[in-house]
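Every number in this text was worked out from the coordinates using simple rules, so none of it is lab data. Bear in mind the structure is a predicted one, so any value in this text is a computation, not a measurement. Because the Cβ atoms are built from the backbone with ideal geometry, glycine has one as well, and the counts that use them run over all protein chains shown.
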Amino acid sequence: MIALHDLNKYYRTRAGRRHILKNVSFSIDKGERVGVLGRNGSGKSTLIRLISGAELPSSGHIERNMSVSWPLAFSGGFQGSLTGFDNIRFVCRVYDADYRGVLPFIEDFTELGQYLREPVKTYSAGMTARLAFALSMAIEFDCFLIDEVIAVGDSNFHRKCHQELFEKRSDRAMIIVSHDPHLIREHCTRASVLRDGRLHHFPSIDEAYNFYESQ
């Protein structure tokens, strides 16, 4: 299980302190698929970064009793001066995975070819996202965090992403944050809505969708 207990997140801006998340509590068990709907700027990405551990909450705490991915296709952990290959080795070392075992999959999945031996700072945004997504699939997690970025690359690559994530890993827990209710309806069993920094929970996706549309 992953459980969030009264999370608050503040950012300091020139206009003063901005309260992004307000007393957010939430839990997900193994195998569940939970959607979080929210408008642009509602704090969805902040919530995902907190769950992943990429950022710390201002107050409250997170309980993690299963392994959690970084946000899919998130490349913030890459070192730009290192090659794609060296970044793969580094990330695998952090997660105690054998890079030699995952490298063939990443090479095939990303279709980056010789660019894997080039510095990541020379990559386009799409190339970086491909590498980040492939690495997310190469290292197994109990729960995957999805931040509206699974549609990287062309339609063929998008199909590959969909197959790897939603078909081959259909038994994993997933948290999908989106402003697209159709994505939530297709892949989730329940949903919440992030509005004005507060996370509202609903017993059905239809009720969550109706609340979301009422904004």
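Do any trypsin sites (Lys or Arg not before Pro) in segment 6-96 lie in a loop, going by DSSP, with at most 12 other beta-carbon atoms within 10 Å of their beta carbon, and if so which?
Hits after loop and neighbour filter: ARG14.
Among the DSSP beta bridges whose two residues both lie in the chain, what percent are antiparallel, rounded to the nearest 5?
Bridges in the chain that DSSP calls antiparallel: roughly 55 percent.
When the chain is treated as a GNM, springs tying every alpha-carbon pair under 10 Å, which of THR128, THR13, THR189 comes out with the largest mean-square fluctuation?
Checking each option, the largest mean-square fluctuation is seen for THR13.
Pick from LEU72, LEU194, LEU82: which residue has the top mean-square fluctuation in a GNM of the chain where Cα pairs under 10 Å get a spring?
LEU82
Tilt of helix 99-110 relative to the longest C-alpha principal axis of the chain, in degrees (0 to 90, nearest 10)?
Taking the Cα atoms of the chain, the angle to 99-110 is about 80 degrees.
May I ask for the net charge around TYR209, where only other residues with Cβ less than 12 Å from the Cβ of TYR209 are counted and Lys, Arg are +1 while Asp, Glu are -1?
Spelling it out: positives minus negatives among the neighbours equals -2.
Over the Cα atoms of the chain, what is the Rg over Rh ratio if Rh follows Kirkwood?
Result: Rg/Rh = 0.97.
Quick check: the distance between the Cα centres of segment 177-215 and segment 88-118, to the nearest angstrom?
35
Tell me which residues come under 5 Å, amide H to amide H, from ARG198 once H is placed; ignore anything under 5 positions away on its chain.
Answer set, sorted by chain and number: LYS22.
What do you get for the angle between helix 84-94 and the principal long axis of the chain? Use alpha-carbon atoms, 0 to 90 degrees, nearest ten.
60
Please state the charge dipole magnitude for segment 21-98, taken about the Cα centre, from unit charges on C-beta atoms (+1 on K and R, -1 on D and E), reported in debye and rounded to the nearest 20.
It works out to roughly 300 debye.
Over 27 Å, how big is the tail of the calculated P(r) for segment 90-215, in percent of all Cα pairs?
30
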